[in-house]
Structures are given as structure tokens and as C-alpha cells.
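Step one of this worksheet: look at the structure below.
Just so it is clear, none of the values below were taken in a lab; they were calculated from the coordinates. On a predicted model such as this, the values are computed, not experimentally measured, just so you know. All Cβ positions, glycine included, derive from the backbone under ideal geometry; neighbour counts span all protein chains shown.
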Amino acid sequence: MANAFDMVLFGGGGDLSLRKLIPALYRAFIEGGLNSDTRFFPVVRRQEEADSYTKTAQHALKTHLRDGEYNEKSWKEFSTMLRAVALDISKPDDQWNLLIDLLGDDTSRTRLFYLAIPPAVFGPCCENLSIKGLIHENSRVVVEKPLGYNAKTSDEINSKIAEYFPEESIFRIDHYLGKETVQNLLALRFSNVLFERLWDAKTIDHIQISISETVGLEGRAGFYDDTGAMRDMVQNHLLQLLCLITMESPNSMSARNIRSEKIKVLEALRPLVGKDVDKNIVRGQYVAGGLGKELVPGYLEELKAPNSTTETFVAIRAHIDNWRWTGVPFYLRTGKRMEKRCAEIVIQYQKVSHSVYQPEAGDVLPNRLVIRLQPEESIKLVLMAKKMDSLTMELQPVELNLTLSDTYDSFKSDAYKRLMLDAAANNSALFIHREEVAAAWAWVDPIIDHWRDTNNLPQLYRAGTWGPQASNQLLAENGHHWFNP
Ligand code: BG6
């Protein structure tokens, strides 16, 4: 159980807080992960919002928790930890006094400032925290993307926060790193000799990392249209997964060791500039189509802006130029309104060097390790075996299956719960260092610049499919194909 701490949740009435953060805190509470002396101070703009916050939070829990998680008794106890405060974070006026009083002056108590607010107000918010004397030696700030729009703006935001908090007190969230299977990925890689030895260009043919979503704009039209899939998903989640899959073994699981290995990967990513962008990346945008039984509108109709060229889909062929990975293609893909919601990493091994069987035995298919992050969490190893009831030698693929969510009855993984408890415990291993953010932008920026400079138009794909046809061709050029779930 974490020591008691205080969390000030700026943007307490916003979408992120109500959909993810408050439910995650409640989960931590019902699972016994919170000391009863822990306190949460959601910050909202208006007094009426503060007055009705308990009701708002209760409604959010009922709406967003999984079946069976909400119960009145726990809610009553949990709600005593919540105390909403109304203030305008951009003005250092007397409105802050209530928060100052509530927090008190015990500097040994951990204080987390969660900035669930637009990055444009990170600076004023941190500045006012400092003016009001609220930052002490046990204070940490938690921020989440979008941390800028490109390397330059991201650096400006990071520099602004750094005026008030040292790097070790800044916790940058990538919620993918809080997912249980993502952490298991490290366990798999670094505690199994099997994979330690079979994890390089000599044995692996290629790797696919795919995050497909069925949702569209989800009421975030303005934000999304300025952002696009490359900034929204690739710069952070996909590159982070790529780093964890390909990095060298860190000397230890310390934040510093993990980070330095991840940065090496980002720096070894072969830059895609100019014509290489067109050759190696497919950019798409969805048009109306059928998702299950539902007919959904296209991106432009949803957005109500007929001329947007923002991408809702990206497929990339990337290479990591180092000894371990030379020559191995990495295919990264993400998109909105795709056929299924799934996040999966597929490691495709090479074929055996020589088949000793007669052609009648069938093809000797290469092994495949499939790590699924969602909707369910599983790890599957596809091996070749003899068909059991066959008198002749017939080969067939069989699966070694580890469905983690079946194995653990009480498996209630929640990335935000994990990350907030880690931040409270000052464990920064699953958070992103400023240098990682910069290295990721350094790879992504030239791609986006090229699209802008060449007025690149996204290729259209029907909602409810696996993206534009060109995404299949990208892999076919190397004799590969997507393993769609
Ligand atoms: C967010 C993106 O970071 O991740 C969203 O901004 C996306 O556009 C979301 O929908 C996906 O997260 P998850 O955990 O649902 O796969």
C-alpha cells in the first residue's frame, strides 16, 4: 500500500479526469492500494462545479467502471477523500488560499500535481504553484501528452516546467507503459533465456506493432484535426513499444538504465526524410463505412470540415541501424475506425534453414510470438508440431497460449492506476524522460514536415477495414503481410 499522499488534480472536471483518473483512483482504493489518509483535490473552474463535484465523480464512476466494481459502501468511503476546489489556475489571486489551507504545511507528505489541462496552461499553472509556495521538496508534477506539437514546442513546454520542478520530479505519462502486458514484455524479454538468445536479426524476420481502434473522433475533433495519428499515437505509444521490444538489456530496472537504452533505440532509428517518407509510410484517412452493423460517417463528415488532410491512419516500415537489428523491418501501424480494436505486437521468426520433411508434410511455417495488449491481454507462441492423429508425418501450427486475464481472477489492470501509484511512490521507471521525448520528435518531425511541404494527401480507406490498400502493399514489397487479429 502506498504511503498517504495528496494529489491536486488540475482539470478535475475534464474528460481525462472523469473517464480515466477518478475511476483509476477509486480502483486503487477498493483494491486496498491507498492509505485512508490519502487526499485528492480536483481543481475546477467554477464554484458550482466544485459544489457538485461529488455527484459528478459518482456519475463518472458509474459510467466508466467495469461491471461489479462500483458499490455504494466503497464509494461513500472513497468520496471522503475527495475535496474539489474552484480556482482559475492562470491567476495568482486569493482563490488559491483554500487549496493552500487544505494542503497544509507538512513538507514530508508527498504532493502530486496532476496537470490534466491543456499544455498551454502548464506554464502559468506551475508558475502560480511556485508563487503560492505550494512546491516543496516532496512535490512532483505529472503531465501527459500532447507535450507539444513538434520538437520545438515540446522543448518549450519542458523548459517551462523545468523552471519550477527538477527533472526527477517530473513524471511524463505514456499510459501505454502502465498497461500490464507492456510491463510483462520486459519480464518476458529479460527473464527468459529462450528469448534472450532468440532476439535479433539472426533469428527474427520482422516485427509488427499495430494499434487499431474502432472509435472515431470521440468529441475531440478540434484537437485531433490539429494533431493526426502521427503525433497522437506514433510519436509516443508506438515508439515507446518499439523501444521496449528492441532495446538492449538495461543494467538494472532503474529508470535511468531503462531510459538510456530506450534513447539508444530512438537514436538508431533510420531517419525517414524526403522521398523515403513516401516509400516507407502510408498515410490514410477514413471515409464512411460499416463497423459491425453500424454505418459510421467518414472523418470529414464527422469533423464537419470538407478540406482536412489530417491522417487518421499511418503504416510505417522502419529500420533500426545497429548490430542487433540490422536488416529487420519493423512495421508500425495505427488507425481510427478500423475493423477491430486491438493492440498487438507480432514477432515473426525466420523459417528453419532447411526442411527435412517431404512436401506432403506441409509447409514448415516460421514461429511467431504474438503479444496482445488489448482488448484482452495474452501472449501466444505459434510453434510447428506433428498433427496428432495422423499416421503420416503431417505438420501443423499449434499455439502455446497464455491468456493472462483468464489466469488471474482478480485481474483488474488499469494503466492509470498503476502509473499514479508509481508517481506517488516516486518510481519513475515507467515514465518518459525529457530526452526520450526530444529523440522521438527528432525522428517524427521530418516526416510531418515532408507531408506538409509536399501537400501530401492521405489515402482513403473505408471505416471498418484495415486501412488503405497501400498499407498491404508496403508489406508485400518485402514478401510480408499484416497479421490482422
Ligand atoms: C490516446 C490517444 O493517447 O490513446 C487517443 O490520444 C487514443 O486518440 C488512445 O484513442 C488509445 O488508448 P487505448 O489505451 O484506448 O488504446
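Taking every pair of alpha-carbon atoms in the chain, what share in percent sits in each 10 Å bin, from 0 to the bin with the longest distance? Going from the shortest bin to the longest, the percentages are 4, 18, 27, 26, 16, 6, 2, 1, 0.
Computed with the Debye formula from one identical point scatterer per Cα of segment 293-394, without solvent, the log10 of I(q)/I(0) at q = 0.21 Å⁻¹ comes to -1.18. Note on segment 299-370 and segment 55-113: Cα centroid distance 42 Å, given to the nearest whole angstrom. Among beta bridges from DSSP that stay inside the chain, the antiparallel ones total about 55%. With all pairs of separate Cα atoms included, segment 225-337 yields a Kirkwood hydrodynamic radius of 16.1 Å.
The mean sequence distance of close C-alpha pairs (under 8 Å, at least 6 residues apart), as a share of the length of the chain, puts its relative contact order at 18 percent. Counting neighbouring Cβ atoms within 10 Å and putting the fewest first, the residues Thr54, Thr454 line up as Thr454, Thr54. Taking θ as phi - 60° and the Karplus parameters 6.51, -1.76 and 1.60, the scalar couplings of segment 322-328 work out to 8, 4, 5, 10, 4, x, 8 Hz in sequence order, x denoting glycine and proline.
The ellipsoid equivalent to the alpha-carbon distribution of segment 395-485 has semi-axes of 34, 28, 14 angstrom, derived from the gyration tensor eigenvalues as √(5λ) and listed largest first. Under a 5 Å amide H cut-off, with hydrogens placed 1.01 Å from N, Asp205 pairs with Gln348, Tyr349, Gln350 among residues at least 5 apart or on other chains. The relative contact order of segment 53-187, computed from alpha carbon pairs under 8 Å that lie at least 6 residues apart in sequence, is 20 percent.
Scalar couplings 3J(HN,Hα) for segment 203-216, obtained by applying the Karplus form with A = 6.51, B = -1.76, C = 1.60 to θ = phi - 60°, are 10, 9, 7, 6, 10, 10, 10, 10, 10, 10, 10, 9, 6, x Hz; x denotes Gly and Pro.
If you place +1 on the Cβ of every Lys and Arg and -1 on the Cβ of every Asp and Glu, how big does the dipole about the Cα centre of segment 12-154 come out, in debye to the nearest 20?
On the way: 19 positive and 19 negative charges, 89 e Å.
Result for segment 12-154 is approximately 420 debye, rounded to the nearest 20.
Over 29 Å between Cα atoms, which of Lys179/Lys380; Lys62/Lys304; Lys279/Lys336; Lys55/Lys152; Lys73/Lys293 qualify? Too far apart for the 29 Å limit: Lys62/Lys304; Lys55/Lys152; Lys73/Lys293.
Remark on Glu144: its backbone amide H falls under 5 Å from those of Ile173, a criterion applied only to residues 5 or more positions apart or on other chains, H modelled at 1.01 Å from N. Computed from label points 7 Å out along Cα-Cβ, the spacing between Leu457 and Asn257 is 5.3 nm.
Take every pair of alpha-carbon atoms less than 8 Å apart whose residues are at least six positions apart; their mean separation over the length of segment 22-107 yields a relative contact order of 41 percent. Kirkwood radius and radius of gyration were both taken over the C-alpha atoms of segment 334-485, and their ratio Rg/Rh is 1.06. Taking the fewest neighbouring Cβ atoms within 10 Å as the starting point, the ordered list for Leu383, Leu391, Leu129, Leu98 is Leu391, Leu383, Leu98, Leu129.
If each residue's Cβ is checked for other Cβ atoms within 10 Å, how do Trp96, Trp75 rank with the fewest at the top?
On the way: Trp96 21, Trp75 18.
Fewest to most other Cβ atoms nearby, the residues stand as Trp75, Trp96.
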